[in-house]
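The structure appears right after this line, and notes come after that.
Please treat every number below as a calculation from the coordinates, not as lab data. Quick caveat, the model's predicted, so the values are computed rather than measured. Here Cβ is always computed from backbone atoms with ideal geometry, including for glycine, and neighbour counts include all displayed protein chains.
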Amino acid sequence: MEHLIRILPIIIPLIISMIAVGVSIFNLSLTRKQLYASIVTKNRMTWMEQMRTLLHSFIELCLSPEDDLVKAGHIVAHIDLYMSPKDNPTHRELSTLLHSMLDGSDVNIEPLVECSQKMFAETWDIIKLESNIDLKQAKSIARQVYLGQTV
């Protein structure tokens, strides 16, 4: 008993220090996840807003009585820079629709609007997934959704 009383002043601070280290590690991982979700969410939302603006400008040109193919071509080129049609099936579909409208072979905006809405819904789903799960799982699922694979 006397031995326990002598080492108790050493054991209690040691246990408290170990608990503090554990709490610090937990807080660090939580902060990292929140920071990642915050930055990625902000970037994705900025991307969505820029895409909406560009798509709106393109649709506005398509519905305009003026035939400004040069300006429409610049907008489509700008939109193409925001997409990865090689990797993402929805981006590929949207790119195909934009180029067919630019060529004048199809001027119906409904498929373009539907495809854009699908793309924005997929992006929003990725944002929701990334904010609710751990980093490795979020990156994996986001990549799968981006590539058009089922989750």
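Return the loop-located GluC sites (Glu not before Pro) in the range 9-106 (DSSP other than H, G, I, E, B) with at most 14 other Cβ atoms within 10 Å of their own Cβ; answer none if there are none. If you can, show how the numbers build up before the last one.
Values: sites: Glu49, Glu60, Glu66, Glu93; in loops: Glu66.
Sparse-neighbourhood loop GluC sites (Glu not before Pro): Glu66.
Return the loop-located trypsin sites (Lys or Arg not before Pro) in the range 1-103 (DSSP other than H, G, I, E, B) with at most 12 other Cβ atoms within 10 Å of their own Cβ; answer none if there are none.
On the way: sites: Arg6, Arg32, Lys33, Lys42, Arg44, Arg52, Lys71, Lys86, Arg92; in loops: Lys86.
Taking the range 1-103 and a limit of 12 other Cβ atoms within 10 Å, the loop trypsin sites (Lys or Arg not before Pro) found are Lys86.
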